[in-house]
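Structure first, commentary second.
The values are calculated or read from the model by the stated rules, or taken from the named source; none is laboratory data. Just so we're clear, the structure is a prediction, and the values are computed from it rather than from any experiment. Here Cβ is always computed from backbone atoms with ideal geometry, including for glycine, and neighbour counts include all displayed protein chains. We work out accessible area using only protein heavy atoms, side chains counted, and drop any ligands, DNA or RNA first. Shrake-Rupley method; radii C 1.70, N 1.55, O 1.52, S 1.80 Å.
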Amino acid sequence: MIDLSENTNRWGMPPASRRVLLEPGLTSAYPEANALSLRRALAGYVNAPPEQIVCGCGSDDVLDAALTALARPGDLIAIPEPTFRMMPLFARARGLIVAPTAPRADFGVDVDAVIACRPRLVYIASPGNPTGLTTPAEDIDRILRETNAIVIVDEAYAEFEGVTVLDLLPRSSRLLVTRTFSKAFGLAALRVGYAVGSPELVAAVAAVRGPYQVNSLAARAAIAALEEGVSWMRQTAGYAVHSRDVLARELLTAGRQALASRANFLLVPLAGAPRVAELMRRDGVAVRAFADLAGIGDAIRITAGPWPEMEAALLALASATTEAAPVTGSSACA
Ligand SMILES: *Cc1c(COP(=O)(O)O)cnc(C)c1O
């Protein structure tokens, strides 16, 4: 099975990370408290001191801890749709009230609608999942200025094109940026994520859980990735972006317009997407299907990988759409 459903790095992991994972290590000792060495290694990478960085068991864990730390049950969180599906689940589990906002006609975040919610928290993934679209720093800045909300910007895919709002951090103590080693760095199985923000926000997030969120092996692999694997990461991220762009052109030739992604995947609006994805899976290609996304309708999301995988995906898509053609009644025009 060619797995193009998770947006992970299809070229693997940095060789330096692979090497440290093979070294014998102590499993009877606890990890370093609060992942201090990893935060020190990250400091240079994100250009912020360790006091402004908190690590966790994937960015999922950091996002969930942020909701616990920074909001009370009954608080409102604005989440522009379509969005990363875990976030509304986490928010409801923490007792927050989710205010989804509809996308603009170009599928971007409707900043006016977010501000009009008068939220306590705002969550925006940029590049977004599943759209791949970025939200300009000016829009994030405007939300920070025109509300009192804490704004969480999820930059799980920032590495692919280097679009980030980290530069806004000195201007606001209410901005929290989350990142991960799961996507461009190729370490999804190890579960390492982090958030960067003001010392107050970061201390609040760190205070709601214990000191051992990142295990020793994961910390060592992530540190190796930062110390010796950044050029590997940038190179493979470049390959992914190239594959994505060629794939987008091929899809367009076949009459399908993908959204203008700046991450390592494409969202392709497609009526009957769940059935199409099922048929593609039969041909050995796994993609993620979405039904009735806000403003978009049904769509499939394809992770960009080495070109032979993209060719397999294009073939599987062509035969699946031919076979699924009689299926009607989906919501591509919603
Ligand atoms: C994949 C993804 C994550 C999750 O990353 P982990 O660090 O593996 O938990 C977070 N946010 C978005 C938008 C994602 O697509």
Scanning for something open to solvent by 10 Å² or more (accessible area, probe 1.4 Å), within 16 Å of the ligand (Cβ to nearest atom) and either under 21 Å from Asp64 (Cα atoms) or acidic (Asp, Glu) (or both), does the range 139-153 turn up at least one residue? no
Suppose the filter is open to solvent by 20 Å² or more (accessible area, probe 1.4 Å), within 16 Å of the ligand (Cβ to nearest atom) and either part of a strand (DSSP E or B) or under 23 Å from Tyr45 (Cβ atoms) (or both); does Thr134 pass it? yes
Of Ala225, Ala248, the only residue that is touching a residue at least 24 places away in the same chain (Cβ under 8 Å), hydrophobic (A, V, I, L, M, F, W, C) and more than 22 Å from Val153 (Cα to Cα) is Ala225
Do we have Leu70 as in contact with a helix residue (DSSP H, G or I) (Cβ under 7 Å, 6 or more places away or on another chain), within 15 Å of the ligand (Cβ to nearest atom) and within 25 Å of Ser172 (Cα to Cα) here? no
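So which helices (runs of 4 or more DSSP H) stay within the range 222-334 end to end and still have 3 or more residues that are in contact with a helix residue (DSSP H, G or I) (Cβ under 9 Å, 6 or more places away or on another chain) and closer than 30 Å to Thr101 by Cβ? Don't jump to the end; show me each part of the working.
Details: elements: 230-253, 273-282, 307-324.
Of the helices (runs of 4 or more DSSP H) lying wholly inside the range 222-334, those with at least 3 residues that are in contact with a helix residue (DSSP H, G or I) (Cβ under 9 Å, 6 or more places away or on another chain) and closer than 30 Å to Thr101 by Cβ span 230-253, 273-282.
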Answer yes or no: is there a residue in the range 88-95 that is within 16 Å of the ligand (Cβ to nearest atom), crowded, with 19+ Cβ neighbours inside 10 Å and modelled with pLDDT of 95 or more. yes
Inspect all residues belonging to the range 167-176 and state whether any of them is assigned to a helix (DSSP H, G or I) and crowded, with 24+ Cβ neighbours inside 10 Å. no
Can you run down the residue pairs with Cβ atoms below 9 Å, 6 or more apart or on separate chains, where the first is in the range 52-80 and within 15 Å of Ile150 (Cα to Cα) and the partner is near the ligand (Cβ under 8 Å from one of its atoms) and among the aromatic types (Phe, Trp, Tyr)? Leu63/Phe84
Go over the candidates Ser5, Ser37, Ser28 one by one and state the one that is among the polar types (S, T, N, Q) and closer than 19 Å to Tyr194 by Cβ. Ser37
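Quick one: in the range 183-197, of everything that is open to solvent by 10 Å² or more (accessible area, probe 1.4 Å) and in a loop (DSSP other than H, G, I, E, B), which residue is farthest from the ligand (Cβ to nearest atom)? Spell out the reasoning first.
Step one: filter the range 183-197 for residues open to solvent by 10 Å² or more (accessible area, probe 1.4 Å), giving 183, 186, 188-191.
Next, from what is left, pick out any that are in a loop (DSSP other than H, G, I, E, B): 183, 186, 191.
Working: Lys183: 6, Gly186: 11, Arg191: 6 Å.
It comes out as Gly186.
Kindly indicate which of Gly255, Gly295, Gly284, Gly229 is among the small types (Gly, Ala, Ser) and farther than 30 Å from Thr135 by Cα. Can you show your working first?
Values: Gly255 fails: farther than 30 Å from Thr135 by Cα; Gly295 fails: farther than 30 Å from Thr135 by Cα; Gly229 fails: farther than 30 Å from Thr135 by Cα.
Exactly one residue qualifies, and that residue is Gly284.
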Answer yes or no: is there a residue in the range 239-248 that is open to solvent by 50 Å² or more (accessible area, probe 1.4 Å), among the acidic types (Asp, Glu) and at pLDDT 95 or above. yes
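A quick yes/no check of all residues on (1) within 16 Å of the ligand (Cβ to nearest atom); (2) aliphatic (A, V, I, L, M):
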| residue | (1), (2) |
| --- | --- |
| Thr164 | yes, no |
| Leu175 | no, yes |
| Pro211 | no, no |
| Val214 | yes, yes |
| Arg220 | no, no |
| Met233 | yes, yes |
